[in-house]
Amino acid sequence: MKKITVLPGDGIGPEITREAVLLIEETAEKYGNEFTFQYEDIGGAAVDKHGTPLPQHTVDACRESDAILLGAVGGPKWDKEEASRRPEAGLLGIRKALKLFANLRPINVYPSLLDSSPVRPEIVKNADLLIIRELTGGLYFGTPRERRTGKYGTEAVDTLYYNEAEIERILRKAFELSRFRSKKVTSVDKANVLESSRLWRETADRLAPEYPDVSLEHMLVDNAAMQLIRDPAQFDVMVTENMFGDILSDEASMITGSLGMLPSASIGSEGPGLYEPVHGSAPDIAGENKANPLAAFSSAAMLLKYSFNMAGEAAAIEKAIKTTLDQGYRTQDIAGKGEKVLSTKEMGKAVRSFLPEHATVK
Ligand code: NAD
Ligand code: IPM
Ligand code: MN
């Protein structure tokens with residue numbers, strides 16, 4: 001039996017993971033699979049209960065499971081905590097502990113949501129891209145990373161460090177995954193300024209001949225931010241370092257209409273993958289049964305597909321989401337003027353009701 005560790009976290013995290021678990025349970029019942037779920041603490045919830053955002057128990061439980069489903073961490077309550085006790089440190093810690101270096105963030109546009117995007121429908125309608133964000137290196141983890149007293153008083157330093165092996169493995173992932181798509185990789189960097197980006201670009205050029213069927217282009221990150229809005233359809237696989245990927249994916253979410261639509265999968269070379277929405281704990285709507293659970297649902301679909309090889313079940317969830325949207329069901333973040341607004345729970349119920357009878361891949 002497949003074991004899924006659920007890390008609900010903070011804010012809207014518990015609200016959306018609850019619905020995602022109900023959805024996975026429904027697919028299990030419908031298509032004859034068996035899953036067990038175990039719940040562990042992470043983030044602010046873990047700080048409150050155990051005094052640390054990532055208890056060892058949580059790491060051990062994740063390691064022993066087949067896949068991990070995470071909600072979100074963070075919130076104003078813990079914003080004054082010292083760095084190691086911030087909820088976000090729990091998320092960074094579990095990614096690092098499980099060596100989840102590749103974060104896949106697909107941007108899929110649902111035709112019935114074309115008008116929900118602040119970008120014009122004719123621009124977003126053909127967008128279909130996969131952002132591959134390096135997840136365990138770069139500015140997030142380089143050292144020194146500290147506050148200290150120096151010649152000019154208080155100073156702070158973060159370090160953008162990458163070694164060639166780290167760059168190579170994420171670029172290889174991009175080349176390999178592009179073969180299941182349109183075989184076009186855009187590597188995004190800031191090679192006109194940063195030494196780490198120049199190493200990144202050289203590494204990409206060195207690897208490219210090994211993937212002669214894939215076309216590689218380089219793009220500077222500031223231009224990429226602009227191109228994502230000007231013409232998102234030009235991209236297929238976009239691969240980039242940790243911080244650039246964090247920022248560009250939130251930007252890209254607007255192509256779909258809402259940050260509440262974007263799923264992600266974090267995977268390493270071995271061990272369980274971690275699946276989570278791209279969005280955060282949304283403190284402004286937490287506890288109000290208003291959050292859009294669809295990013296969590298698509299993350300659950302990615303879990304079934306990548307960790308359990310259940311492409312049919314994953315496609316069934318995606319199909320149910322599409323039907324739900326086609327039928328006009330909307331949470332507040334994607335609702336147009338005058339459209340009926342559903343709660344998180346009502347949206348969950350709708351998607352479950354639209355699961356197809358059979359889980360098959362087209
Ligand atoms: P956020 O993603 O939580 O929210 C940004 C905006 O998007 C808010 O207006 C929010 O209401 C909206 N939104 C987000 N998800 C939504 C959903 N599913 N449905 C409807 N609306 C949604 O970003 P933020 O406000 O900058 O950060 C809040 C906290 O979340 C911070 O503590 C931050 O560190 C944390 N965070 C966590 C993660 C994660 O756990 N993966 C990701 C990003 C931010
Ligand atoms: C994300 C989040 C995290 C990140 C934070 C909460 C540490 O923004 O998953 O995109 O920056 O990686
Ligand atoms: Mn982010």
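The values are calculated or read from the model by the stated rules, or taken from the named source; none is laboratory data. None of these values were measured; they are calculated from a predicted model. Cβ coordinates were reconstructed from backbone atoms using ideal geometry, including for glycine residues, and neighbour counts include every protein chain displayed.
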Residue check, ALA46 surrounded by 20 or more Cβ atoms within 10 Å (Cβ to Cβ) and within 21 Å of the chain's Cα centre (by Cα)
no
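So that you can scan it fast, the table gives a plain yes or no per residue for (1) within 16 Å of ligand 1 (Cβ to nearest atom); (2) in contact with a His (Cβ under 6 Å, 6 or more places away or on another chain); (3) farther than 27 Å from LEU113 by Cα:
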| site | (1), (2), (3) |
| --- | --- |
| LEU194 | no, no, yes |
| ARG198 | no, no, yes |
| THR203 | no, no, yes |
| ALA208 | no, no, yes |
| ILE229 | no, no, no |
| VAL239 | no, no, no |
| GLU251 | yes, no, no |
Which residue out of GLU122, GLU146 is part of a helix (DSSP H, G or I) and in the same structural domain as ASP246 (by TED's automatic domain parsing)?
GLU122
Condition set over 23 Å from ALA265 (Cα atoms) and hydroxyl-bearing (Ser, Thr, Tyr), scope segment 77-116, selection surrounded by the fewest Cβ atoms within 10 Å (Cβ to Cβ): answer is SER84
Residue set ALA314, ALA320; condition within 20 Å of PRO111 (Cβ to Cβ), crowded, with 18+ Cβ neighbours inside 10 Å, of a type in the set (Gly, Ala, Ser) and touching a Lys or Arg at 6+ places or on another chain (Cβ under 7 Å); output residue ALA314
Residue within segment 58-80 that is of a type in the set (Lys, Arg) and under 26 Å from SER298 (Cα atoms) present:
yes
Take the conditions of a type in the set (Phe, Trp, Tyr), part of a helix (DSSP H, G or I) and within 16 Å of ligand 2 (Cβ to nearest atom) and apply them to PHE297. Does it pass?
no
What are the residues in segment 323-354 that are under 15 Å from ALA20 (Cβ atoms), buried (at least 21 other Cβ atoms within 10 Å of the Cβ) and either among the hydrophobic types (A, V, I, L, M, F, W, C) or modelled with pLDDT under 95 (or both), if any?
MET347, VAL351
If you go through segment 42-49 one residue at a time, do you hit one that is in contact with an Asp or Glu (Cβ under 7 Å, 6 or more places away or on another chain), more than 13 Å from ligand 1 (Cβ to nearest atom) and either over 25 Å from ALA316 (Cβ atoms) or not β-branched (Val, Ile, Thr) (or both)?
yes
Of everything in segment 3-43 that's among the acidic types (Asp, Glu) and under 25 Å from LYS305 (Cβ atoms), which residue is surrounded by the most Cβ atoms within 10 Å (Cβ to Cβ)?
GLU15
Check every one of the strands (runs of 3 or more DSSP E) wholly within segment 1-119 and list those with 3 or more residues that are away from ligand 2 (no atom under 16 Å from the Cβ).
2-9, 35-39
Boolean, SER249 is assigned by TED's automatic domain parsing to the domain that holds SER65, out of contact with any Leu (no Cβ under 6 Å at 6 or more places or on another chain) and at pLDDT 95 or above:
no
Within segment 267-276, does at least one residue satisfy the condition of being of a type in the set (Phe, Trp, Tyr), within 14 Å of the chain's Cα centre (by Cα), surrounded by 23 or more Cβ atoms within 10 Å (Cβ to Cβ) and modelled with pLDDT of 95 or more?
yes
Only residues that are within 16 Å of ligand 3 (Cβ to nearest atom), among the small types (Gly, Ala, Ser) and closer than 16 Å to ILE4 by Cα: list them for segment 273-297, please.
ALA296
